[in-house]
1. Could you compute Rg(Cα) / (2.2 N^0.38 Å) for chain A, with N its residue count?
2. Defining a contact as two alpha carbons under 8 Å apart and six or more residues distant in sequence, what relative contact order in percent does chain A show?
3. Jot down the radius of gyration and Dmax of the protein assembly as shown, Cα atoms only, both in angstrom.
4. By how many degrees, between 0 and 90 and to the nearest 10, does the Cα long axis of helix A:129-144 differ from the longest principal axis of chain A?
5. Excluding residues fewer than 8 places away in the same chain, name every one of the lysines whose C-alpha is closer than 21 Å to that of B:Lys276.
6. Helix B:244-255 versus the longest principal axis of chain B: what angle, 0 to 90°, nearest 10, using Cα atoms?
7. Taking 10 °C and 1.306 mPa s as the conditions, I'd like the Stokes-Einstein D for the range A:43-163 in µm²/s, using the Kirkwood hydrodynamic radius from alpha carbon pairs.
8. Write down the Kirkwood hydrodynamic radius of the range B:157-255, to one decimal in angstroms, obtained as one divided by the mean of 1/r over all alpha carbon pairs.
Amino acid sequence: MGKLEGKVAFITGAARGQGRSHAVRLAREGADIIAVDICQQIASVAYPMSTPDDLAETAKQVEALDRRIFTAQADVRDEAQLKQAFEQGTAELGPVDIVLANAGIAPMDLPGHELHQAWQDVIDVNLTGVFNTVETAIPSMIERGQGGAIVLTSSTAGITGVGGPTRGGLGYTASKHGVVGLMRSYANTLAPHSIRVNSVHPTGVNTPMVVNDFMAQFLAQDPQMSNAMANALPVDMVEPVDISNAIVWLVSDDARYVTGVTLPVDAGFTNKK
Amino acid sequence: MAGRVAGKVAFITGAARGQGRSHAIRLAEEGADIIAIDVCEDVATVPYGGATEADLAETVKQVEALDRRIVARKADVRDYNSLKAALDDGVAQLGKLDIVSANAGIFSSAPAAELTEEQWGQMIDVNLSGVWRTCKAAIPHLVANHGGSIIITSSTAGLKGGPNYAHYVSAKHGVVGLMRTLALELAPQSIRVNSIHPTIVDTPMVQNDSLYELFLPAEEHPTKEQFAAVSQSMQIMPIPWVDPVDISNALLFLASDEARYVTGVTLPVDAGQTQK
């Protein structure tokens with residue numbers, strides 16, 4: 001029997017990458033999934049973003065595990081869209097126990113070719129989007145009175161000043177630090193309802209956000225940046241499932257008294273700083 | 001279904017009772033064999049009774065009931081030679097070492113200016129130097145194993161101060177420095193090192209009159225129920241304390257391959273105590 005039998009999880013950015021991995025890994029533990037993703041490009045993002053086909057593939061993989069999944073195209077920047085998807089999803093699958101605010105972008109720009117909009121876009125998606133996600137889910141979780149678990153996906157850039165000097169890079173680091181403040185405040189305000197809130201802090205993960213032509217160019221233009229991104233453990237990147245495993249632990253009863261915690265899954269990256 | 005640490009061997013200090021016994025059982029439930037040591041004696045400056053050889057025998061019984069192997073020895077983390085001999089013997093019998101739980105610890109209290117040299121020295125000797133000795137003895141076995149996971153039991157007192165136990169706070173902060181350094185030193189050999197920071201855990205180290213008196217100084221004979229209210233007020237979640245198994249479940253995650261890229265991390269299991 002899975003650790004999350006009978007639970008329902010609301011996951012943003014679920015079309016591919018870490019979000020898809022979380023959906024599949026949680027489904028493997030018995031959870032049903034409400035999966036949302038923008039499935040569209042954002043202009044300041046230099047790598048291709050997810051598509052409706054990606055989200056359909058997540059659905060296929062969850063259904064192959066005999067779990068139910070509700071999918072919707074929704075933009076975490078748009079509270080109304082998110083709320084509609086959440087309400088349709090819970091109407092179909094039942095109330096939500098688990099929230100994974102995972103959707104994020106990395107609009108890393110090259111110095112001298114900065115896109116003015118990059119700062120605002122990354123703050124809107126990575127910080128305001130996380131806020132919108134939690135705000136969408138918590139009224140029903142509180143009203144239901146059965147506790148729950150929320151995990152916000154931050155980054156090693158949420159605890160260290162990596163990311164570089166550009167508008168997008170600074171915005172990424174600021175947004176991921178901001179998520180930690182949200183996590184700590186929500187942990188405090190939701191603890192009386194036995195709703196736990198934690199953040200995960202991945203190092204580079206083998207996903208389309210990191211492994212793409214643009215990021216290769218971004219790292220190549222500044223060898224110092226590349227060196228600064230090296231992990232302590234002898235591994236270049238971790239896999240999406242490594243983040244999913246940490247999240248499964250955090251949202252399961254195995255971590256029933258873990259809240260307010262910043263959990264790096266970073267191959268020793270932040271400890272090296 | 002294969003256990004989450006199936007086929008691994010774990011060395012646990014302070015394994016006779018409390019969190020250490022819970023770790024032995026939880027890891028054994030998930031398929032690990034166990035090398036267990038405990039001082040099995042009272043410690044002079046400690047105001048509650050120490051574990052006994054009967055306690056250690058009970059840990060052995062409970063691990064064996066799970067059809068796992070266990071090598072248990074009476075050994076003191078203050079004595080490197082006896083600790084090393086017990087560990088080396090365990091590795092010789094069980095074949096290798098994958099997981100280390102540096103768990104043995106004591107508690108006592110007094111205002112910092114009133115701590116005796118003996119109280120201070122013993123606390124550092126057990127809760128800090130004992131952890132270093134445990135790691136020192138274990139590291140060659142983990143290197144020979146081409147990897148492993150060391151989990152150091154610190155405390156919320158390893159992340160923040162607390163009045164009337166400066167020696168405990170200092171030792172528990174100290175092991176964080178040790179953890180962070182070992183994580184760096186051992187990363188190239190794929191040995192991961194992390195610390196766990198429990199809030200109040202329901203064990204004999206906590207549930208005793210001396211600790212109740214520390215937290216309820218105005219009461220003549222403070223009770224467990226009175227302590228529960230004070231304890232709960234220290235946390236953000238509506239509970240007085242956590243169970244040993246809650247720490248074991250965190251340790252199991254860190255020990256398993258699920259956390260294969262988690263190292264250098266301070267992991268609170270504290271019902272939000274450090275956030276309050």
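1. Details: Rg = 17.5 Å, N = 273, 2.2 N^0.38 = 18.5 Å.
Compared with the compact-globule rule of thumb, chain A sits at 0.94.
2. Details: 582 pairs, mean separation 53.1, N = 273.
Computed value for chain A: 19 percent relative contact order.
3. 23.9, 72
4. 20 degrees
5. The qualifying lysines are B:Lys160, B:Lys172.
6. 40 degrees
7. Numbers: Rh = 16.3 Å.
For these conditions, the coefficient is 98 µm²/s.
8. On the way: mean 1/r = 0.0647 Å⁻¹.
Evaluated on the range B:157-255, it is 15.5 Å.
Values in this text are rule-based calculations from the coordinates and carry no lab data. Only a predicted model underlies this, so the values are computations on that prediction, with no experimental measurement involved. When we count neighbours, we look across all protein chains shown, and the Cβ atoms used for this are built from the backbone with ideal geometry, even at glycine.
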